């Protein structure tokens with residue numbers, strides 16, 4: 001309730017308008033897509049749509065069908081319209097079977113994931129204190145990358161919602177449980193679990209550490225599946241980000257110029273590693289930059305957890321651009337930092353890069369692919385520096401945990 005009473009009438013009106021727009025735009029898109037053509041509607045908004053509707057979610061019930069026929073859907077999913085192996089942990093098949101979600105119920109499941117995502121963003125908008133903050137979050141949340149996730153019905157939206165809920169609940173046991181669920185549904189949230197464990201006071205880290213260790217153990221038990229999922233996830237240069245995607249982009253561009261970098265991709269990977277290590281080393285040895293207070297400690301936690309997830313996904317491979325949705329919860333803290341002149345330049349640059357990265361796939365034919373790779377790499381290094389400073393302060397500093405280190 002306090003979120004609605006903050007600020008003057010203009011700010012309250014901006015929040016209400018942003019919330020209405022947040023929900024009405026997807027409703028409008030879905031209405032057009034279901035009535036006037038799925039692919040043409042989504043592509044008019046810059047989203048690279050495909051059929052059948054909610055294609056990514058479609059792979060799970062078809063995987064259940066393939067499994068019932070005695071085949072392994074992580075090797076070859078014959079029920080999928082494109083014969084794509086399912087590249088999710090097997091728990092998704094068990095959940096869909098238990099919930100009796102079949103092909104004819106995919107739309108309802110996808111709309112539920114969309115509503116979950118919009119609910120999380122609504123929380124961020126409702127807690128803004130300035131009109132410009134509500135507008136920035138609205139624009140970022142309805143950018144092409146999140147719309148891409150909605151169009152595909154990608155289950156990253158479910159993982160996003162679980163991690164988000166874990167950040168806002170106050171019960172430590174529930175928080176650890178939600179993080180654990182997210183980590184089992186998709187492996188990369190383990191990075192967020194590690195960040196959350198570090199954030200806890202020294203005497204209260206035991207539960208978080210134990211839950212993280214348990215999830216890592218369960219992932220190792222599924223190592224064969226992990227390898228299959230890795231092989232089933234393509235490394236692409238379009239509509240994607242990450243070290244491997246950027247490496248593939250450089251090789252592609254070199255071929256266009258008549259040269260070749262084939263066989264030398266490891267050089268780029270090494271360069272990224274060196275840049276990352278150099279950034280960490282510099283920040284770790286120079287810890288005296290000032291921190292700034294934040295009005296809500298959840299903002300600091302979201303920045304640390306979701307920022308850590310983004311850094312992990314960028315460093316370990318190739319990710320479809322819809323996973324950029326994990327940058328959204330880092331925006332509130334970045335906007336609060338912009339109020340302080342010492343951090344304004346960093347914050348503005350960060351906000352601009354997030355908006356650029358999340359919309360670059362909508363301009364793929366006009367150089368958006370290259371711009372997107374530049375933006376996501378810059379965000380990676382900026383977050384590495386920020387998270388390193390936060391980690392150093394949390395482990396060895398004396399400042400309270402509600403301070404964000406810049």
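Points to keep in mind about this one:
Okay, residues lined up against (1) at pLDDT 95 or above; (2) not in a loop (DSSP other than H, G, I, E, B):
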{"site": "27", "(1), (2)": "yes, yes"}
{"site": "31", "(1), (2)": "yes, yes"}
{"site": "34", "(1), (2)": "yes, yes"}
{"site": "72", "(1), (2)": "yes, no"}
{"site": "79", "(1), (2)": "no, no"}
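- Selection from the stretch 334-360 of residues that are touching a strand residue (DSSP E or B) at 6+ places or on another chain (Cβ under 8 Å) and modelled with pLDDT of 95 or more: 357
- Some residue of the stretch 93-100 being under 30 Å from residue 138 (Cβ atoms), in a helix (DSSP H, G or I) and modelled with pLDDT of 95 or more: no
- Residue satisfying condition, being within 25 Å of residue 89 (Cβ to Cβ), surrounded by 21 or more Cβ atoms within 10 Å (Cβ to Cβ) and at pLDDT 95 or above, within set 140, 134, 145: 145
- Considering the conditions (1) within 23 Å of residue 361 (Cβ to Cβ); (2) surrounded by fewer than 22 Cβ atoms within 10 Å (Cβ to Cβ); (3) in contact (Cβ under 8 Å) with a residue 24 or more places away in the chain, residue 129 is excluded by exactly one of them, (1).
- Being surrounded by 15 or more Cβ atoms within 10 Å (Cβ to Cβ), modelled with pLDDT of 80 or more, assigned to a helix (DSSP H, G or I) and touching a strand residue (DSSP E or B) at 6+ places or on another chain (Cβ under 8 Å) is not true of residue 279.
- The residues of the stretch 1-20 that are at pLDDT 95 or above and either closer than 18 Å to residue 359 by Cα or crowded, with 17+ Cβ neighbours inside 10 Å (or both), listed by number, are 18, 19.
- The C-beta contact set for the stretch 33-44 (first residue over 17 Å from residue 110 (Cβ atoms), second residue crowded, with 20+ Cβ neighbours inside 10 Å, distance under 7 angstrom, 6+ apart or interchain) comprises 43/49.
- Tallying residues that are closer than 21 Å to residue 185 by Cβ and loosely packed, with under 15 Cβ neighbours inside 10 Å within the stretch 54-83 yields 1.
- Scope the stretch 314-334; condition farther than 23 Å from residue 150 by Cβ and crowded, with 21+ Cβ neighbours inside 10 Å; matching residues: 333, 334
- Residue tally, condition surrounded by fewer than 20 Cβ atoms within 10 Å (Cβ to Cβ), modelled with pLDDT of 90 or more, within 23 Å of the chain's Cα centre (by Cα) and within 22 Å of residue 387 (Cα to Cα), over the stretch 195-225: 4
- Condition met for residue 84 (farther than 29 Å from residue 122 by Cβ and either more than 25 Å from the chain's Cα centre (by Cα) or at pLDDT below 95 (or both)): yes
- Enumeration of residues in the stretch 36-53 that are surrounded by fewer than 16 Cβ atoms within 10 Å (Cβ to Cβ) and either touching a strand residue (DSSP E or B) at 6+ places or on another chain (Cβ under 8 Å) or assigned to a helix (DSSP H, G or I) (or both): 36, 39, 40, 43, 44
- Of residues in the stretch 259-276 being under 25 Å from the mean Cα position of the chain (by Cα) and exposed (fewer than 12 other Cβ atoms within 10 Å of the Cβ), the one modelled with the lowest pLDDT: 270
- Selected residue [without any contact (Cβ under 8 Å) to a residue 24 or more places away in the chain and either within 28 Å of residue 388 (Cβ to Cβ) or crowded, with 19+ Cβ neighbours inside 10 Å (or both)] from 163, 159, 169: 169
The values are calculated or read from the model by the stated rules, or taken from the named source; none is laboratory data. Predicted model, so just to flag it, every value in this text is computed and none were measured. Cβ coordinates were reconstructed from backbone atoms using ideal geometry, including for glycine residues, and neighbour counts include every protein chain displayed.
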